[in-house]
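The values are calculated or read from the model by the stated rules, or taken from the named source; none is laboratory data. Please read all numbers here as calculations on a predicted model, not as lab measurements. Here the Cβ positions follow ideal geometry from the backbone for every residue, glycine too, while neighbour counts run over all protein chains shown. To get the accessible areas, we keep the full protein, side chains included, count just its heavy atoms, and leave off ligands, DNA and RNA. Shrake-Rupley method; radii C 1.70, N 1.55, O 1.52, S 1.80 Å.
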Amino acid sequence: MRVLYWIDRRTISFQLLAALLLTAMLAEILFGLIAALALFWLYTLARNAALQKKIHSEQAIASVTFESRDGVVITDAEQNILKVNRAFTEITGYTSADVAGKTPAILKSTRHDESFYRQMWETIKGKKSWHGEIWNKRKNGEIYPEQLTITPIFGAGGQLVNYVGIFSDITRRKISEAEIHDLAFYDTLTHLPNRRLLQDRLSHALTAGARNNKEGALLFIDLDNFKTLNDTLGHRMGDLLLQQVALRLTSCVREGDTVARLGGDEFVVMLENLSGQAGEAAAQTEAIGDKILASLGKPYQLDMHEYQSTPSIGITLFGNHERGMEDLLKQADIAMYQAKKSGRNTLQFFNPQMQETITARAKLEGELRIAIEAQQFQLHYQMQMDSLRRIQGAEALLRWIHPQRGLVSPAQFIPLAEETGLILKIGFWVLETACTQLKAWQQNANTRNLTLAVNVSAKQFRQTDFVSQVHAAVLRHAIDPKLLKLELTESLLLENIEETITTMNALKKIGVLFSLDDFGTGYSSLQYLKRLPLDQLKIDQSFVQDLATDNSDKAIVGTIIAMAHGLDLDVIAEGVETEEQRLTLLNKGCIHYQGYLFGKPVPIEQFESLMNPGQTRRQAAVACPNVCHAA
Ligand code: C2E
Ligand code: MG
Ligand code: MG
């Protein structure tokens with residue numbers, strides 16, 4: 001029974017257990033379901049929130065994008081404006097109310113022709129975006145440049161629904177682009193085309209001229225004595241003159257012609273479409289050249305100063321397009337130099353002989369470079385006399401004994417040496433040789449008091465160490481510095497008057513003398529002369545030559561002598577060839593002379609033989625019939 005009961009109880013417990021288990025399982029399933037539902041609900045909530053956030057942020061992005069700095073316009077498929085942003089209004093001046101329902105054609109300017117718009121729409125109709133620069137018109141009528149993109153928008157079915165135009169105002173960019181262009185192609189002072197733009201135009205002109213069988217011409221224009229203006233009245237006045245010259249040149253030519261400034265006082269005028277006949281074209285060019293000469297020769301008002309200037313013009317025609325641009329410019333430049341040489345204020349056409357001269361010059365330059373090392377230079381000495389026909393000293397004049405050409409005159413090679421800078425080396429050699437000679441003279445009682453004049457060129461004088469060069473030479477050769485006379489020219493002195501005075505004073509401290517060479521040919525003013533530590537004025541030979549026949553030369557010479565005395569300066573006349581000239585000079589108070597009347601420049605041996613009549617009296621008589629030597 002107990003067993004049965006036990007079994008029964010066991011049976012009952014088992015049932016209970018099963019029921020409990022079942023309940024637990026059901027509860028678990030229910031709980032799981034509830035949990036799953038809760039999770040799903042939470043998930044949905046989160047997902048919606050994320051979606052909402054995404055939509056929000058996308059809207060925010062869209063509105064930020066729409067309200068960007070670029071103008072945006074959205075139209076329907078018929079181009080009626082649906083929406084514009086704030087930047088659109090800022091750029092165009094139209095509010096959204098102004099443009100609602102209208103088409104973007106209200107922005108159209110007259111800067112583009114129909115074909116421009118046709119091409120634009122062809123691109124867009126081809127379902128592509130159009131991107132480019134366009135000139136549009138603001139509400140206030142102002143025309144401005146835009147960078148524009150037009151994109152067609154298609155619906156799900158592929159049908160066109162909208163156009164979106166996005167644009168930015170590029171006025172500032174255009175201005176700076178123009179400024180950069182101006183800087184690259186225009187001269188900032190005169191606003192004329194610069195060398196680069198001239199070359200560009202010349203290249204086009206050469207092609208066009210060849211095609212149309214028309215001649216063209218280049219006129220190379222250089223202002224005479226421009227440097228003197230800069231040095232005396234200052235660079236500001238120089239700039240004013242250049243600006244006025246630019247205006248005058250522009251008014252002398254036709255609209256299609258080019259006036260360019262190459263730099264400094266150099267201008268180029270390019271004429272196009274001249275006659276196809278070279279002779280006629282030359283005549284047309286000459287007429288314009290004359291017009292330029294007349295126009296630039298009229299007085300200028302530079303602030304308070306009335307100023308007179310003249311140009312020298314070199315011309316070359318370029319119907320024959322085989323020559324390159326650089327060659328043409330060079331030819332016009334060569335012709336301009338020729339114009340300068342033939343007295344300035346004139347025009348010269350380029351001709352092949354000029355080219356030959358240039359080639360010869362280039363050859364001469366090469367030879368000049370080796371002349372010092374090859375010991376081809378010599379100093380010749382020309383005596384300087386007083387009124388009692390006593391030798392006071394000499395002027396050292398450079399000679400180039402060329403192995404093939406023989407004796408080359410300094411007039412031929414000194415300007416070239418100056419241009420190429422070779423004068424520095426040459427001038428140094430001259431100074432050294434002159435000091436050696438002075439030292440030699442100092443050893444002899446007969447020659448101990450002779451002065452020796454040495455010509456100094458502008459470049460040489462302007463060297464920063466010129467004073468120390470002279471000082472070192474004086475010390476090295478142990479010469480009496482007051483026997484060394486430096487000959488300077490007026491143009492050299494005026495180049496930079498203040499600097500000149502400083503250098504001259506420093507040289508004066510060493511003890512050397514100064515003579516102002518070729519006096520009367522330059523533009524010295526009394527004011528400057530007074531300030532220069534000069535010892536002597538040397539009357540230019542051009543005044544001496546016609547002294548006996550030309551009354552005005554007589555008057556000039558008289559004035560120079562009186563002026564020299566007034567300034568307490570010694571005066572010497574160069575180029576004295578006749579007794580008549582010497583007497584006229586003497587009557588006017590000039591007691592020092594140099595010229596063929598007394599002796600030509602001769603090598604030192606010959607010069608010394610004149611100094612020593614006992615030895616070579618016959619030689620001396622030939623070279624210089626009337627010489628006495630200093631006591
Ligand atoms: P300059 O210094 O005015 O020299 C005077 C020139 O006149 C010399 O010409 C001389 O030979 C010439 N002459 C002298 N007396 C007479 C005369 O009675 N009648 C004529 N018709 N001429 C006379 P040169 O020797 O041909 O020299 C020419 C120029 O070359 C010089 O003119 C000077 O400016 C320059 N030069 C000569 N030697 C040197 C030098 O060593 N250095 C520099 N920088 N220039 C020099
Ligand atoms: Mg001289
Ligand atoms: Mg002279």
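Note on region 523-541: residues that are open to solvent by 30 Å² or more (accessible area, probe 1.4 Å) and either assigned to a loop (DSSP other than H, G, I, E, B) or out of contact with any helix residue (DSSP H, G or I) (no Cβ under 8 Å at 6 or more places or on another chain) (or both) amount to 7. When the residues of region 378-412 are filtered to those that are within 18 Å of Glu487 (Cα to Cα) and free of Cβ contacts under 8 Å to residues at least 60 places away in the same chain, the one that is farthest from ligand 2 (Cβ to nearest atom) is Ala411. Residues in region 542-584 that are touching an Asp or Glu at 6+ places or on another chain (Cβ under 6 Å), surrounded by fewer than 20 Cβ atoms within 10 Å (Cβ to Cβ) and among the hydrophobic types (A, V, I, L, M, F, W, C): Ala548 only.
Looking only at residues of region 159-195 that are assigned to a loop (DSSP other than H, G, I, E, B) and not aliphatic (A, V, I, L, M), we find that the one that is nearest to Thr103 (Cα to Cα) is Gln159. Among the residues of region 98-120, are any under 15 Å from Gln79 (Cα atoms) and touching a Pro at 6+ places or on another chain (Cβ under 9 Å)? No, every residue in region 98-120 fails to be under 15 Å from Gln79 (Cα atoms) and touching a Pro at 6+ places or on another chain (Cβ under 9 Å).
Residue count for region 150-192 satisfying the condition of being free of Cβ contacts under 8 Å to residues at least 12 places away in the same chain and in contact with a Phe, Trp or Tyr (Cβ under 8 Å, 6 or more places away or on another chain): 1. Which of the residues that make up region 285-299 are in a helix (DSSP H, G or I) and touching a residue at least 24 places away in the same chain (Cβ under 8 Å)? Hits for region 285-299 are Thr285, Glu286, Ile288, Gly289, Asp290, Lys291, Ile292, Leu293, Ser295, Leu296.
What helices (runs of 4 or more DSSP H) lie completely within region 379-495 and have 1 or more residues being over 42 Å from the mean Cα position of the chain (by Cα) and loosely packed, with under 15 Cβ neighbours inside 10 Å? Full working, then the answer.
Numbers: elements: 410-420, 423-442, 458-461, 466-477, 490-495.
Per the criteria, 423-442, 466-477.
Pull up region 458-492, narrow it to residues that are more than 29 Å from Gln443 (Cα to Cα) and either hydroxyl-bearing (Ser, Thr, Tyr) or not assigned by TED's automatic domain parsing to the domain that holds Tyr523 (or both), then point me to the one that is nearest to ligand 3 (Cβ to nearest atom). Only one residue fits best here, namely Thr489. Within region 497-519, residues that are on the phi > 0 side of the Ramachandran plot have Cβ atoms under 9 Å from residues that are assigned to a helix (DSSP H, G or I) and within 16 Å of ligand 3 (Cβ to nearest atom) in these pairs: Asp518/Glu490; Asp518/Ser491; Asp518/Gln541; Asp518/Ser542, counting only partners at least 6 apart in sequence or on another chain.
Name every residue in region 205-237 that is in contact with a strand residue (DSSP E or B) (Cβ under 9 Å, 6 or more places away or on another chain) and of a type outside the set (A, V, I, L, M), in order of residue number. Lay out the reasoning, then the answer.
Narrowing region 205-237 to residues in contact with a strand residue (DSSP E or B) (Cβ under 9 Å, 6 or more places away or on another chain): 205-206, 208-209, 212, 214-224, 229, 233, 236-237.
Answer for region 205-237, where residues must be in contact with a strand residue (DSSP E or B) (Cβ under 9 Å, 6 or more places away or on another chain) and of a type outside the set (A, V, I, L, M): Gly209, Asn212, Lys214, Glu215, Gly216, Phe220, Asp222, Asp224, Arg236.
Figure legend. Inter-residue proximity from region 90-102: first residues under 15 Å from Glu146 (Cβ atoms) and touching a residue at least 40 places away in the same chain (Cβ under 8 Å), second residues in a loop (DSSP other than H, G, I, E, B) and open to solvent by 40 Å² or more (accessible area, probe 1.4 Å), beta-carbon distance below 9 Å, spacing 6+ or different chains. Indicated pairs: Ile91/Asp70; Thr92/Lys139; Gly93/Lys139; Gly93/Asn140; Gly93/Glu142; Tyr94/Lys102; Tyr94/Lys139. Scanning region 542-582 for residues that are in a loop (DSSP other than H, G, I, E, B), farther than 23 Å from Arg389 by Cβ and among the β-branched types (Val, Ile, Thr) yields one hit, Thr549.
Return the only residue of Leu494, Leu475 being more than 16 Å from ligand 1 (Cβ to nearest atom) and touching an Asp or Glu at 6+ places or on another chain (Cβ under 7 Å).
Numbers: Leu475 fails: touching an Asp or Glu at 6+ places or on another chain (Cβ under 7 Å).
The conditions single out Leu494.
Exposed (fewer than 14 other Cβ atoms within 10 Å of the Cβ) and in contact (Cβ under 8 Å) with a residue 24 or more places away in the chain: is that true of Leu368 in this structure? When the stated conditions are applied, Leu368 does not pass them. Checked against the criterion of being out of contact with any His (no Cβ under 7 Å at 6 or more places or on another chain) and within 16 Å of ligand 2 (Cβ to nearest atom), the candidates Gly511, Gly522 yield just one match: Gly522.
Checking each residue of region 252-268 against the condition of being at pLDDT below 95, surrounded by 21 or more Cβ atoms within 10 Å (Cβ to Cβ) and among the aliphatic types (A, V, I, L, M) gives no match.
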